[in-house]
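Written below as structure tokens is the structure these notes are about.
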Amino acid sequence: KNMGLKNSEHISRIVVNPKDPNIVYVAAQGPLWAPGGDRGLYKTVDGGKTWERVLGFSEHTGVSDVVLDPRNPDVLIATSYQRRRHQWTMIDGGPESGVHRSIDGGKTWTKLTGFGTEELGRVGLAISPVNPDVVYAVIEAANSKGAIYRSADNGVTWERRAEYNHGAMYYGTLVADPHNVDRFYSMNVIIQVSDDGGRTLRDLGTRSMHVDNHIMWVDPSNLEHYLVGNDGGLYRSMDRGQT
């Protein structure tokens with residue numbers, strides 16, 4: 001059933017309040033080839049019948065990611081992404097890109113700092129199911145200053161952990177492991193995994209599978225069981241990514 005936001009064109013994340021399923025947040029990046037549309041962070045409190053934009057910027061900037069604290073779903077972290085495609089160029093990032101935090105369900109926001117001095121591009125987030133005080137961010141930044149950042153206080157302050165440039169704007173997605181607070185996965189040509197909170201990353205396994213990975217699910221009841229969606233289709237592993 002179509003629940004609206006028909007002019008969003010690109011939706012990167014939908015999160016549901018675990019204490020009230022009628023409260024839903026949608027991160028809408030908006031059109032690629034044109035300005036305007038439904039872009040920003042939208043919230044519904046009636047299961048999608050009506051929507052309110054709770055975080056918005058300009059006609060060129062949308063919201064590329066959002067996470068919420070499962071212990072207190074009024075605490076949100078969202079990332080804005082200034083982006084515009086033309087036939088002759090790609091404007092990938094700008095002064096309106098950033099990381100923002102709300103503690104009142106999206107009514108008010110604080111723009112977070114600590115991500116260097118370069119203008120940002122796409123930013124991906126992952127909040128740890130093991131300890132939601134730990135949040136990871138993959139930062140695309142100008143002049144090859146991209147990096148992995150980690151917060152230990154639920155997104156209030158951030159520490160740069162490692163240089164990391166994921167390249168194309170259609171990556172920039174992190175998945176937090178549901179078994180180990182220090183383990184997360186970064187979607188890329190080959191999936192990258194860290195076991196030390198982002199200080200180092202390495203290729204995941206020796207998989208015989210297609211490249212260009214975009215989404216991953218880790219079974220919370222079985223740490224060996226993965227599902228991965230990439231340009232080649234849907235893949236399954238029962239041995240933690242080895243095959």
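The values are calculated or read from the model by the stated rules, or taken from the named source; none is laboratory data. Keep in mind that this is a model prediction, so the values were computed, not measured. In this analysis, Cβ positions are derived from the backbone assuming ideal geometry, glycine residues included, and neighbour counts consider all displayed protein chains. Protein only, heavy atoms only, side chains kept; ligands, DNA and RNA dropped before computing areas. Shrake-Rupley method; radii C 1.70, N 1.55, O 1.52, S 1.80 Å.
With no solvent and one equal point scatterer placed on each C-alpha of the chain, evaluate the Debye formula and give log10 I(q)/I(0) for q = 0.08, 0.14, 0.15 Å⁻¹, two decimals. The Debye formula, applied to the Cα set alone, gives -0.28, -0.93, -1.07.
Picking from GLN192, GLN87, GLN29, which is most flexible by a Gaussian network model of the chain using Cα springs under 10 Å? Per the Cα network of the chain with a 10 Å cutoff, GLN87 tops the list.
Each residue of the range 220-236 was assigned a 3J(HN,Hα) from its phi angle through the Karplus expression (A = 6.51, B = -1.76, C = 1.60, θ = phi - 60°), giving x, 9, 8, 5, 7, 9, 10, 10, 10, x, 9, 5, x, x, 10, 10, 10 Hz with x at Gly and Pro.
Mean separation of Cα pairs under 8 Å and 6 or more residues apart, divided by the residue count, gives the range 1-57 a relative contact order of 30 percent. On the chain, 50 percent of the accessible area sits on carbon and sulfur atoms, based on a 1.4 Å probe.
Projection of the Cα convex hull of the range 187-241, averaged over all directions and equal to a quarter of that hull's surface, yields 3.7 nm². Each 10 Å bin from zero up to the one holding the largest Cα-Cα distance in the range 29-108 carries the following percent of pairs: 19, 46, 26, 8, 1. For the range 91-185, the share of alpha carbon pairs falling in successive 10 Å distance bins from zero is 17, 49, 31, 4 percent.
Build a GNM of the chain with springs between Cα atoms under 10 Å apart, and of HIS86, HIS210, HIS179 the one that fluctuates most is HIS86. Considering only alpha-carbon pairs that sit under 8 angstrom and 6 or more positions apart, the relative contact order computed for the chain is 10 percent. Partners of LYS107 within straight-line reach, counting aspartates and glutamates whose Cα lies under 13 Å from its Cα and excluding those fewer than 8 residues away in the same chain: GLU52, ASP74. When +1 charges are put on Lys and Arg Cβ atoms and -1 charges on Asp and Glu Cβ atoms, the dipole computed for the chain relative to its Cα centre reaches about 400 debye. Taking the dipole about the Cα centre of the chain, with the C-beta of Lys and Arg at +1 and of Asp and Glu at -1, give me whichever of ALA34, SER128, HIS10 is farthest to the positive side. Farthest towards the positive end: ALA34.
Using a cutoff of 8 angstrom between alpha carbon atoms and counting only pairs six or more residues apart, the relative contact order for the range 166-243 works out to 23 percent. Dipole magnitude for the range 106-225: about 280 debye, using +1 per Lys or Arg Cβ and -1 per Asp or Glu Cβ, origin at the Cα centre. Computed over protein heavy atoms with a 1.4 Å probe, the accessible surface of the chain works out to 47 Å² per residue.
The range 6-71 gives an Rg/Rh value of 0.99, both radii derived from C-alpha positions and Rh following Kirkwood.
Reported to two decimal places, what Rg/Rh ratio describes the range 2-137 when computed on Cα atoms with Rh from the Kirkwood expression? Ratio of gyration radius to Kirkwood radius for the range 2-137: 0.97.
In summary, the convex hull built on the alpha carbon positions of the range 129-225 has an orientation-averaged projected area of 6.3 nm².
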